[in-house]
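Structure first, then comments.
The values are calculated or read from the model by the stated rules, or taken from the named source; none is laboratory data. Just so we're clear, the structure is a prediction, and the values are computed from it rather than from any experiment. Ideal geometry is used to build each Cβ from the backbone, glycine not excepted, and the neighbour counts take in all protein chains shown. What goes into the accessible areas is simple: the full protein's heavy atoms, side chains included, and nothing from ligands, DNA or RNA. Shrake-Rupley method; radii C 1.70, N 1.55, O 1.52, S 1.80 Å.
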Amino acid sequence: MAPTTGGTTEAALIIVPGASITGEAYKPLATTIQQASPLKLWVVLLEGFLLTTPNPLELGGAVTSAIAALKHQGMTSDNIFLAGHSLGGVFVGQYGSSNASKLKGILLYASYLTRDVKLASYPLPVLTISGDLDGQTRLTRIVDSFQQLEASLSQNPTNKYRTPVVTMPGVSHAQFASGQMPKAVTNKDLNPEATSTVAYKLIAKHTSAFLLSSLGDSVPQNLRSTALSDLNKAYTDTKTIMQPLITVKEMDQNSQNSDQWAIQAQYLESGLSRSQVKVTDEILPQMNFLSSKPKIHGAGNDLTIQTFAHLAFSSNPLDISTVPSAPRVLSFKMKSFEAVKDAMPAGTTLNTDVWNITCKDINQAAFNLALQSSSPVARQRYLDHGRPIIFKPDVMHSTGLGWSTSDIGLNEDDQGLHVTSQTLKTQLHELFDMFSGMHYCKGLSPFRAMEWIYVDSLRSHA
C-alpha cells in the first residue's frame, strides 16, 4: 500500500497476520494508520504463509521480499517497522531480536514478548498494544508486560516511549483485523464495546505515536513532541486500567514471599483483628510446603501465628496467551479457631461467628475482595454480563496425605465456574500434638477470582 500523504519522513510498516487470518483482513487498519500518520508511510500486508499461519521458517524470507518490493516501488529510506498480530506478534518478537539491524522497531498487536525475553533488554523499540476485552491475549497476561515496563522506569524513564505497553478500553482481539475470524479466535474472544472504526482509530493513533517517537530526530520536533505526549497519556491511562489487577496480583506474588490472602484467611479463621494478634506467612516450594506446620508463637497478649502457603499455576511452558495467568490453586495452612482461642488470654473477645468457618467461606471472601477491588468498569461488566462463580461444599479429608494429593475443583460450564475446595481440619488435642488444631485449605486466590471477573466470565459460553 503506497503512501497516501507526502510527509517529509519516509517509513514502512510491515504487518504479519495472526494464525488463520489473511493479510487482506488488515487492510482497514492499515488504511486508518496511513490516514493517521504524518509520515510518508508505506504499508505491506504479508500473506501466503503455509496454512495461512505465520511461522519462523517463512517469516525471514517474507520480510526480505517485502523490503525488496518496497525498494522496487520507490521507497528510499531504511525506516522499516515490523508489526505482528496475535501469533504473528510472537514470531515478530523472535525475528526482531536476531535481525535488529534491519528494523527500527517492532509492534506487537494483541501480542507480547514471551517470558524468556525482557522488554528492557530487547534490542529494538517495542510497542505492546492490546484491548481490555481481549479474550485471546488476556489482560492478565499483559499485566506482566506492564509490570516489566514499570520496573524498568526507575533505571530508564524513557522506556515509557521506547517500550510502551498500551491497553485500549473496549477493544477485543479480533478488532485488529476485519472479516470472519477463525474459530480459535471466536471461541475465546470477548464481545467488544468499541466499534471497529473506533478500534482502528485507537490502534492507528498509538501506532503513529510509536513510529514517530522511535524515529527520533529524523522527524520534525513538533511531531515528535506530540507523539511523546500521546504515549505519556497512553501510559497513564493504561496504568489506571492495570493498577487494580496489579494490587491484587501482588497479594500472592511479591518480593516479601508472603501470601497476603493467606494472612487474611487466618484472621477470618481466628475471629481476631490485626490489633489482637500478628499473623505472618511464608510462600514455600511444594516439597517444603508438604512438611510445614503452622504454629502459634509467644504467650498472653503477644501472640504470632505463622502460616504457610503454596501457589500452583497451570502448566504453560510456551507462555500461551489463552492459559490463565493467575494461580490455579492457593494452598494454605492455618491454625484453627479452637487452637487460637486456646492460646489467647482468658477473657479475650473473639468473633464466634467464625467457629465453623469453611474453606468455601474463605473462597467467597476472596471473590468478594476481587469484585470490590476491580475497576468500576470491570465490576459493572461482570454484574451485567458475567457468568458467576459457584462455590460448592468443601471436600473433607481426614489425613494430611489425602489432602496433599487432592486438587481444587475448577469446573467451567455455561452456568459459570464451579469451585470446590479441599479441606483438612484437626481436633484441638490430637494424639500427636504436632497435628493438633490445624485447618488446611486448597482454595481460590483473589487474583484468580479477579481474572474470572475481567476475562473468562464475560464469555457467554464455556
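Computed quantities for the displayed model
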item: Any pair with Cβ under 6 angstrom, 6 or more apart, that starts in the range 37-52 at a residue that is over 18 Å from Asp78 (Cβ atoms) and without any contact (Cβ under 8 Å) to a residue 60 or more places away in the chain and ends at one that is of a type outside the set (S, T, N, Q) and open to solvent by less than 50 Å² (accessible area, probe 1.4 Å); result: Leu45/Ile15; Leu45/Gly23; Leu45/Tyr26; Leu46/Val16; Leu46/Gly23; Leu46/Ala62; Glu47/Gly23
item: Residue selected from the range 294-338 under the condition open to solvent by 40 Å² or more (accessible area, probe 1.4 Å) and basic (Lys, Arg), by the criterion farthest from the chain's Cα centre (by Cα); result: Lys295
item: Failed item, numbered, when Ala366 is tested on (1) touching a Pro at 6+ places or on another chain (Cβ under 7 Å); (2) of a type in the set (Gly, Ala, Ser); (3) open to solvent by 20 Å² or more (accessible area, probe 1.4 Å); result: (3)
item: Members of the range 403-455 that are part of a helix (DSSP H, G or I) and open to solvent by 10 Å² or more (accessible area, probe 1.4 Å); result: Ser404, Asp433, Met434, Phe435, Arg448, Tyr454
item: Matching residues in the range 95-108 - criterion: being aliphatic (A, V, I, L, M) and either assigned to a loop (DSSP other than H, G, I, E, B) or surrounded by 15 or more Cβ atoms within 10 Å (Cβ to Cβ) (or both); result: Leu103, Ile106, Leu107, Leu108
item: Filter result for Ser275 (under 23 Å from Ser406 (Cβ atoms), of a type in the set (Gly, Ala, Ser) and part of a loop (DSSP other than H, G, I, E, B)); result: no
item: Qualifying residue in the range 335-357 (condition: touching a Gly at 6+ places or on another chain (Cβ under 9 Å), closer than 30 Å to Thr137 by Cα and among the polar types (S, T, N, Q)); result: no
item: Considering residues of the range 190-205 that are free of Cβ contacts under 8 Å to residues at least 60 places away in the same chain and under 20 Å from Val165 (Cα atoms) only, the residue most open to solvent (accessible area, probe 1.4 Å); result: Val198
item: Subset tally (residues that are part of a strand (DSSP E or B) and either on the phi > 0 side of the Ramachandran plot or of a type outside the set (S, T, N, Q) (or both)) for the range 294-328; result: 13
item: Number of the exception - Lys360 against (1) open to solvent by 20 Å² or more (accessible area, probe 1.4 Å); (2) over 24 Å from Leu245 (Cα atoms); (3) over 25 Å from the mean Cα position of the chain (by Cα); (4) modelled with pLDDT of 95 or more; result: (2)
item: Selected residue (only one of Ser325, Ser314 is within 25 Å of Leu245 (Cβ to Cβ) and in contact (Cβ under 8 Å) with a residue 24 or more places away in the chain); result: Ser325
item: Selection count where residues are within 16 Å of Tyr382 (Cα to Cα) and touching a helix residue (DSSP H, G or I) at 6+ places or on another chain (Cβ under 6 Å), scope the range 172-193; result: 3
item: Conditions (1) among the polar types (S, T, N, Q); (2) closer than 30 Å to Gly443 by Cβ; (3) open to solvent by 20 Å² or more (accessible area, probe 1.4 Å); number of the one not met by Ser270; result: (3)
item: Within the range 109-131, considering residues that are open to solvent by 10 Å² or more (accessible area, probe 1.4 Å) and β-branched (Val, Ile, Thr), the one farthest from Ala204 (Cα to Cα); result: Val117
item: Any hit, the range 228-250, residues being within 17 Å of Leu41 (Cα to Cα), in a helix (DSSP H, G or I) and among the hydrophobic types (A, V, I, L, M, F, W, C); result: no
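Let's see how each residue does on (1) in a loop (DSSP other than H, G, I, E, B); (2) open to solvent by 40 Å² or more (accessible area, probe 1.4 Å); (3) in contact with a His (Cβ under 9 Å, 6 or more places away or on another chain); (4) not aliphatic (A, V, I, L, M):
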| site | (1), (2), (3), (4) |
| --- | --- |
| Thr5 | yes, yes, no, yes |
| Ala11 | no, no, no, no |
| Ile14 | no, no, no, no |
| Ile33 | no, no, no, no |
| Gly61 | no, yes, no, yes |
| Ser77 | yes, no, no, yes |
